[in-house]
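The values are calculated or read from the model by the stated rules, or taken from the named source; none is laboratory data. Because the structure is a prediction, the values reported are computed rather than measured. Note that we place each Cβ from the backbone using ideal geometry, even for glycine, and neighbour counts take in every protein chain shown. Surface accessibility is based on the protein's heavy atoms, side chains included, excluding ligands, DNA and RNA. Shrake-Rupley method; radii C 1.70, N 1.55, O 1.52, S 1.80 Å.
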Amino acid sequence: MSNLLFEAFTYLTSNFDTFLALLREHIVLVLVAQVAATVVAVTAGILATRNERVKTWVLSGGNVSQTIPPLAVIALVFPFVGIGFNSAVLAMWVYALLPIITNTIAGIEEVPESTIRSAEGMGMTDWEILRKIQLPLAVPVIFAGIRTSTVMNVGTAYLAIFIGAGGLGDWVVTGIQLFNNPQILAGAIPGALLAISLDTVLGFVERSLDTQTTSGGGGAAADA
Amino acid sequence: MSQHAIEFENVRKSYGDTLALDGISFSVEPGTTTVLVGPSGCGKTTTMKLVNRLEDPTDGTVKFEGQDVQEVDKIDLRRSIGYVIQDIGLFDHMTVAENVATVPRLLDWDEERIDERVDELLELMDLPPAQYREDYPRELSGGQRQRVGVARALAADPDVMLMDEPFGALDPITRDNLQDEFLEIQEQINTTILFVTHDIDEALKMGDKIAIYDVGEVVQYDTPENILENPATEFVEDFIGQNRGLKKLQVLEVGHIMSTDGRIVGQSWADVRSTGSVPAEVATDESGTPAHVAADQSTETALSKLVESDGSKLPVVENGSVVGTVSVDQINDASSEPKEIVYE
Ligand SMILES: Nc1ncnc2c1ncn2[C@@H]1O[C@H](COP(=O)(O)OP(=O)(O)O)[C@@H](O)[C@H]1O
Ligand SMILES: [Mg+2]
């Protein structure tokens, strides 16, 4: 086992330029899909909290997008956007939507009714309530959704190779075809490490966003 | 023309099939505290929401400073009215200072003025700014949070404050302290207050006027004294509950029942004490020094001082001079005898 790891490491270092290129492709795929998904999903989530009908559409759309396997999405979209980077990003984008949508809705709806009523009673417009109260309070929850879908998409991006969009999947798929175990691992392990480190870093950001509302002495402080 | 701060004219409000208010009419005078009291679900919160247009009446008119609120822009109206609710609704992602600054920011005050105002209000609410400005709401106790809620509502110096069970979620001791403090603050700020509670004792304590609600209706609107003296209906009598006599003592001020003749009346209190010319019947406290009350203290306080001493008369002191005396008999009469109390 440790021998195999060593061989994988040797494979990686001796093909380091290729590795960097594949890693870059992989990260760009995730990043582009994630940014696009965040923009659309947060917007859709906000709209969903404004209107029950919209919410039903958005949520069922989001649910469907999760149940279709990524490869099926690719099959559906490649006639329109072609094979390659675009359809890979599109498939990953579809796949990334739901966690962000549900968390945006949950984050906004979790804001206590009394907080909203106070804001309204003090003369904030709907837009001001959204921008100054609901969104800031929902940010940690929305961010948790972004984190979940980012980590998921690091995995999904391995499938990009099937439509010629590159990424670390290249080594995994080639390795499987050639029964080259060190190559498979040299492709798979960096992806796992990428997912873990993104999860850690984003988790750290998420907690720092949340400290304002959860840190401190709690409700136990004595009356002045 | 003396203008009412708030007027309700035959206001009806229904939510679908529920008739929440069935034609209420009363007016609130500027600078006074009017308490809406009644069992839960009788329409108090609804009445309040009609003032800042969180709800609109189904029928009838609500006027704010003489103008039909339906003709005023909702947002402007709300920014000119302070609003405090039981759950406080502090903004957890904002510091105490930012919370208090909410309405001034909406009104585009400059930052320097906002800072000064925030400090002033935190001082007023007994939350030293140096210590509390940068705290987040979660770091505060329930009583402190409620103080921040009141400070926030007062921030833009509103003419009218709406307070919906503001102290309802607090423990009795904290609630009592906040009530006392708020009564003091109200004397300084002189704002018109509409105050909701389901607690008759709180109503009697806080209100210049009290509106007693039965389902959707105001069954009596009067001063605490007159309500205790002449409950309009059996419902009101039941709602006031036990110990009406005792409650009267709590709301009745010494100044209204004291007798203003007597040897020491008109003299300076310091002189009376230092010359040793205190009559033998004057009450003393446990250390043996002559006791006294202020004219605006409750007859309950006076009675307690009298009971604790062996004297039969208690001097009433105002601005350093003796303005009258009260005795146990006078207090007794006032609390038991149904008699119309006249106020100037
Ligand atoms: N938004 C609403 N929708 C439907 N019914 C309501 C609504 N708000 C209040 N009600 C009803 O109106 C009545 C009066 O409510 P409310 O003014 O909140 O009473 P209170 O504050 O005295 O407890 C109650 O029967 C309540 O159920
Ligand atoms: Mg209520």
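Some points to look at:
- Counted residues, the range B:142-174 - those being more than 16 Å from ligand 1 (Cβ to nearest atom), among the hydrophobic types (A, V, I, L, M, F, W, C) and within 22 Å of residue B:45 (Cα to Cα): 8
- Total residues in the range B:2-32, condition open to solvent by 50 Å² or more (accessible area, probe 1.4 Å) and more than 15 Å from ligand 2 (Cβ to nearest atom): 13
- Count of the range B:112-133 residues, restricted to those that are assigned to a loop (DSSP other than H, G, I, E, B), at pLDDT below 95 and surrounded by fewer than 19 Cβ atoms within 10 Å (Cβ to Cβ), is 1.
- Within the range B:14-30, residues that are more than 18 Å from residue B:162 (Cα to Cα) sit with their Cβ atoms under 7 Å from residues that are more than 14 Å from ligand 1 (Cβ to nearest atom) and open to solvent by 70 Å² or more (accessible area, probe 1.4 Å), at 6+ positions apart or across chains, in these pairs: B:23/B:10.
- Each residue in the range B:33-57 was checked for being polar (S, T, N, Q) and more than 12 Å from ligand 2 (Cβ to nearest atom), and 3 of them qualify.
- Scanning the range A:139-169 for residues that are open to solvent by 50 Å² or more (accessible area, probe 1.4 Å) and either modelled with pLDDT of 95 or more or under 13 Å from the mean Cα position of the chain (by Cα) (or both) yields a count of 3.
- Members of the range B:87-118 found to be under 24 Å from the mean Cα position of the chain (by Cα) and farther than 25 Å from residue A:141 by Cβ, listed by number: B:100, B:103, B:117, B:118
- Some residue of the range B:47-60 being within 16 Å of ligand 1 (Cβ to nearest atom), closer than 26 Å to residue B:240 by Cα and not charged (D, E, K, R): yes
- Residue within the range B:92-101 that is within 14 Å of residue B:158 (Cα to Cα), outside any loop (DSSP other than H, G, I, E, B) and either within 13 Å of another protein chain (Cβ to nearest Cβ) or of a type in the set (Val, Ile, Thr) (or both) present: yes
- Test: residue in the range B:284-292 that is within 30 Å of residue B:121 (Cβ to Cβ) and acidic (Asp, Glu): no
- In the range B:175-226, the residues that are within 15 Å of ligand 2 (Cβ to nearest atom), touching a Leu at 6+ places or on another chain (Cβ under 9 Å) and either within 14 Å of chain A (Cβ to nearest Cβ) or farther than 14 Å from residue B:42 by Cβ (or both): B:194, B:195, B:196
- Lone qualifier among B:116, B:120 - being more than 10 Å from chain A (Cβ to nearest Cβ) and either over 18 Å from residue B:186 (Cβ atoms) or among the β-branched types (Val, Ile, Thr) (or both): B:116
- Of all residues making up the range B:155-169, the number that are within 16 Å of ligand 2 (Cβ to nearest atom) and either facing chain A (nearest Cβ under 10 Å) or open to solvent by 10 Å² or more (accessible area, probe 1.4 Å) (or both): 5
- Within the range B:57-87, tally of residues that are in a loop (DSSP other than H, G, I, E, B), away from chain A (no Cβ under 14 Å) and farther than 24 Å from residue B:190 by Cα: 2
- Criterion: of a type in the set (A, V, I, L, M, F, W, C) and within 16 Å of ligand 2 (Cβ to nearest atom) - qualifying residue of B:84, B:96: B:84
- Cross-chain or 6+ apart pairs with Cβ under 9 Å, the range A:86-109 first and part of a helix (DSSP H, G or I), then modelled with pLDDT of 90 or more and of a type in the set (Lys, Arg): A:99/A:147; A:105/A:55
- Assessment of the range A:122-135 against the conditions (open to solvent by 40 Å² or more (accessible area, probe 1.4 Å), at the interface with another protein chain (Cβ under 10 Å from one of its Cβ atoms) and among the basic types (Lys, Arg)) yields at least one matching residue.
- Scope the range B:37-48; condition surrounded by 14 or more Cβ atoms within 10 Å (Cβ to Cβ) and out of contact with any helix residue (DSSP H, G or I) (no Cβ under 8 Å at 6 or more places or on another chain); matching residues: B:41, B:42, B:43, B:44, B:45, B:46, B:47, B:48
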